[in-house]
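One structure is given below, encoded as structure tokens.
The values are calculated or read from the model by the stated rules, or taken from the named source; none is laboratory data. All figures in this text were calculated on a predicted structure; none of them were measured in a lab. Cβ placement follows ideal geometry from the backbone for every residue including glycine, while neighbour counts extend to all protein chains displayed.
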Amino acid sequence: MTVRTRIAPSPTGDPHVGTAYMALFNAVYARSQGGQFILRIEDTDAARSTAESEQMILDSLRWLNIEWDEGPDCGGPHGPYRQSARKHIYQEHALKLIEDQHAFYCFCSPERLDQMREAQRAAGENPRYDGLCMHLSESELRSRLNAGEPHVVRMKVPEHGECQFHDELRGEIEIPWSQVDMQVLLKNDGFPTYHLAVVVDDHLMEISHILRGEEWINSTPKHVLLYEYFGWQAPVFCHLPLLRNPDKSKLSKRKHPTSINYYRQIGILPEALINYLGMMGWSMPDEQEIFSPAQMAERFELKGIHLGGPVFDLEKLSWLNGQYLRGMDPEEFMDRIVEWGLNRDNLRRLVPLIQQRTEKFSDLVGQVDYLVGARPVLSAEDFADTGLEHEVQVQIVDHLSRELDALRDWQRDELFEICRSLAEWHQLKIRDYLKPLFVALSGRAVSLPLFDSMVFLGPDLTRMRLREALAVLGVSKKQAKRLEKQHREFRASLGSPQ
Ligand code: GLU
């Protein structure tokens, strides 16, 4: 059997280190077995997927030197490799399931489904589709379809017993069918859900091994059942441990930088980042810490992966990066500095901010230090000159931080609009409102324009600096609760709950 592995990232937002982690393990496993590694883009969520995000995923994987054998950019025998171009394939497969009575049309409205789930929760049950539309008569079904009533396609799930499947790292897993919902497979807009698309694509693309995050274990019964319904052989499942924040919670952008762009921007080398990701849940048999993906592939075995949640620790990554930097010859060190920060792309983003403010080049460093490098370490006194009460400053930084966690489109106008409405909410002139934010982001009261700075820094660096500022300002537990409530009130005042 040829080993074929894949990743299927969704192009929504910044390229995630978790994607690089999965890509590394899938690529290394395929290489170690003389197999192939495939990149498929899971863009069935039309509202959230963007071409820009897809491009960033491809660019950052290339930057990390991860190579794929088939994908949306290079094609291959099993294309197209973008799910949005495969809609007809999923529709045909959904119809086949209906014909074989493994799936059914469901006309239930979102309101009915909400009420049903609420009642189930109130009765202490697992919220789950109750099967109403499974029992429609043939004539009612036809007339509702002919009338063009909105509908989805749902899969049937056994009422009793349990699903058993094998996970390469965990052995036999059993999940009772009572915990598995009658999953929607095809949405009203004709797009598939993840569950239908992933099974159909993995089969048609001849994927032999699925190495993916452990958050998908509970979905695997649906997939196993779909393979059975289609009469296909299921691939090998191997759920990898998820990356964790230092507090052991799932790595999330609210607590930790997750974008590959962030690490690139702060000057982490691609070979150090990929090496570090290789140490997440795996170690070289001789405990060697510095290794490349090729060296990893020579020694790699799936059963060598440990399940304890690997902590993504910035300090350890910086240490490893330092090892690489110090080991370089000076010529290469020079080249890598230029490649990192003094390249034309980076300068092109900076020049509009600085050209009209510069009299001599020696002014430059003092202007852009906090954009190109780290900002000075903050202390509570840095916020003393803003003329705003401590409580107000905390609110300003906290509420903006919460807003930015949810912001998808990181553009100057969007950032401005958020700050404008928050300033209004705080009943402050925008000039005054922005004062603590200047300090939080640049470490000083005056810097280059704030919104341009946020765009340059990008989401992860901006969020991280705001989080650090909040820690320096100090927030008590009681205050934290109050802040959450106040932020909810702000959201409600906009008429869009979050
Ligand atoms: N789009 C899913 C993710 O990025 C893919 C999961 C899978 O590999 O099956 O998590």
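Residue by residue, here is whether (1) outside any helix (DSSP H, G or I); (2) farther than 28 Å from residue 412 by Cα; (3) touching a Pro at 6+ places or on another chain (Cβ under 7 Å) holds:
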site: 290; (1), (2), (3): yes, yes, no
site: 295; (1), (2), (3): no, yes, no
site: 298; (1), (2), (3): no, yes, no
site: 315; (1), (2), (3): no, yes, no
site: 323; (1), (2), (3): no, yes, no
site: 335; (1), (2), (3): no, yes, no
site: 352; (1), (2), (3): no, no, no
site: 359; (1), (2), (3): yes, no, no
site: 377; (1), (2), (3): yes, no, no
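Selection within the range 273-291: residues that are surrounded by 21 or more Cβ atoms within 10 Å (Cβ to Cβ) and hydrophobic (A, V, I, L, M, F, W, C). The member of this set that is nearest to residue 457 (Cα to Cα) is 273.
When the range 261-280 is limited to residues that are in contact (Cβ under 8 Å) with a residue 60 or more places away in the chain and in a loop (DSSP other than H, G, I, E, B), the one that is nearest to residue 202 (Cα to Cα) turns out to be 280. For the range 137-152, the criterion of being within 16 Å of the ligand (Cβ to nearest atom), in a loop (DSSP other than H, G, I, E, B), touching a helix residue (DSSP H, G or I) at 6+ places or on another chain (Cβ under 8 Å) and modelled with pLDDT of 95 or more is met by none of the residues. Here residue 35 passes the criteria (1) among the small types (Gly, Ala, Ser); (2) in contact with a Lys or Arg (Cβ under 7 Å, 6 or more places away or on another chain); (3) within 15 Å of the ligand (Cβ to nearest atom) except the one numbered (3). Could we say that residue 452 is among the charged types (D, E, K, R) and without any contact (Cβ under 8 Å) to a residue 60 or more places away in the chain here? No; evaluated as a whole, the condition is false for this residue.
The single condition among (1) of a type in the set (Gly, Ala, Ser); (2) within 15 Å of the ligand (Cβ to nearest atom); (3) in contact with a helix residue (DSSP H, G or I) (Cβ under 8 Å, 6 or more places away or on another chain) that residue 267 does not meet is (2). Out of the range 1-32, which residues are more than 11 Å from the ligand (Cβ to nearest atom) and over 13 Å from the mean Cα position of the chain (by Cα)? Across the range 1-32, the qualifying residues are 1, 2, 3, 4, 24, 25, 27, 28, 29, 30, 31, 32.
Just one of 428, 422, 441 is at pLDDT 95 or above and in a loop (DSSP other than H, G, I, E, B); which is it?
Only one candidate passes the filter, namely 428.
How many of the residues in the range 393-413 are surrounded by fewer than 16 Cβ atoms within 10 Å (Cβ to Cβ), free of Cβ contacts under 8 Å to residues at least 60 places away in the same chain and in a helix (DSSP H, G or I)? Total satisfying the criteria: 2. The number of residues in the range 201-226 being assigned to a helix (DSSP H, G or I), away from the ligand (no atom under 12 Å from the Cβ) and in contact (Cβ under 8 Å) with a residue 40 or more places away in the chain comes to 6. Looking only at the range 455-498, which residues are outside any helix (DSSP H, G or I), on the phi < 0 side of the Ramachandran plot and free of Cβ contacts under 8 Å to residues at least 24 places away in the same chain? 476, 496, 497, listed by residue number.
Say we look at the range 238-260 and pick out the residues that are part of a strand (DSSP E or B), over 12 Å from the mean Cα position of the chain (by Cα) and not basic (Lys, Arg); which of these is nearest to residue 460 (Cα to Cα)?
In this case the residue turns out to be 240.
Per-residue answers, yes or no, for (1) under 30 Å from residue 209 (Cβ atoms); (2) touching a residue at least 60 places away in the same chain (Cβ under 8 Å):
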{"site": "287", "(1), (2)": "yes, no"}
{"site": "305", "(1), (2)": "yes, yes"}
{"site": "317", "(1), (2)": "yes, no"}
{"site": "323", "(1), (2)": "no, no"}
{"site": "335", "(1), (2)": "no, no"}
{"site": "343", "(1), (2)": "no, no"}
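Within the range 72-111, the set of residues being over 18 Å from residue 191 (Cβ atoms), of a type in the set (D, E, K, R) and free of Cβ contacts under 8 Å to residues at least 12 places away in the same chain comprises 99, 111.
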